[in-house]
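Here's the structure we're looking at; comments come further down.
The values are calculated or read from the model by the stated rules, or taken from the named source; none is laboratory data. Just so we're clear, the structure is a prediction, and the values are computed from it rather than from any experiment. Neighbour counts run over all protein chains shown; Cβ positions are idealised from the backbone, glycine included. Just so you know, the surface numbers come from the protein's heavy atoms only, side chains and all, with ligands and any DNA or RNA stripped out. Shrake-Rupley method; radii C 1.70, N 1.55, O 1.52, S 1.80 Å.
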Amino acid sequence: MKRIWEYIKGLGLLAKRYISPVFISLLVASFTLWYIAKLNYNYTTELDVKIRIGDQRFEVPCVVEGKGTNLFGYVISTSRLNIPLSELEYTVMREVTQIGAAPADKVRLHLQSESLKNAISVRLSDINIRSVGSIPDIEAPKDFMK
């Protein structure tokens, strides 16, 4: 490992001697301008959209389409989309398990993909949501059936 590090340092010194710092800075500037120009096109890609419904947090894979600048901006931001449960359509699923002597009733919600897609589209108006991947079932809130 030490030999590899010494070899890399030697290459750096060799490059410093033969390659002008002005050339390197102009190369970096041209790459940056090229990248900015490419961000103006429309792209379709798969992104993991971070969602929070109540106190549950999860990520949903989505196929999205939009300008490169908008997609790049979403990838850089780390905010989660807060979606109230009242905006979503879901199916109630009950799991009854036997724990000890008393049965335990666990309520889970299966979210409809089309309603989640619409809720995400409203919050990400500059990005077109093409499709939503697999959505995990979420636990019902504590006061759900009261």
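Odds and ends about this structure:
- Of everything listed in (1) closer than 20 Å to ASP143 by Cβ; (2) open to solvent by 30 Å² or more (accessible area, probe 1.4 Å), the single unmet condition for THR69 is (1).
- Note on the stretch 27-54: among residues that are in contact (Cβ under 8 Å) with a residue 12 or more places away in the chain and outside any strand (DSSP E or B), the one that is least open to solvent (accessible area, probe 1.4 Å) is LEU39.
- Applying the set (1) over 30 Å from GLN112 (Cβ atoms); (2) at pLDDT 85 or above to ASN70 leaves exactly one unmet item: (1).
- Of the criteria (1) touching a helix residue (DSSP H, G or I) at 6+ places or on another chain (Cβ under 9 Å); (2) in contact (Cβ under 8 Å) with a residue 12 or more places away in the chain; (3) of a type in the set (Val, Ile, Thr); (4) outside any strand (DSSP E or B), which one VAL60 fails: (4)
- For the stretch 81-90, the candidate set comprises residues that are surrounded by fewer than 14 Cβ atoms within 10 Å (Cβ to Cβ) and either modelled with pLDDT under 85 or part of a helix (DSSP H, G or I) (or both); within that set, the residue that is farthest from the chain's Cα centre (by Cα) is SER86.
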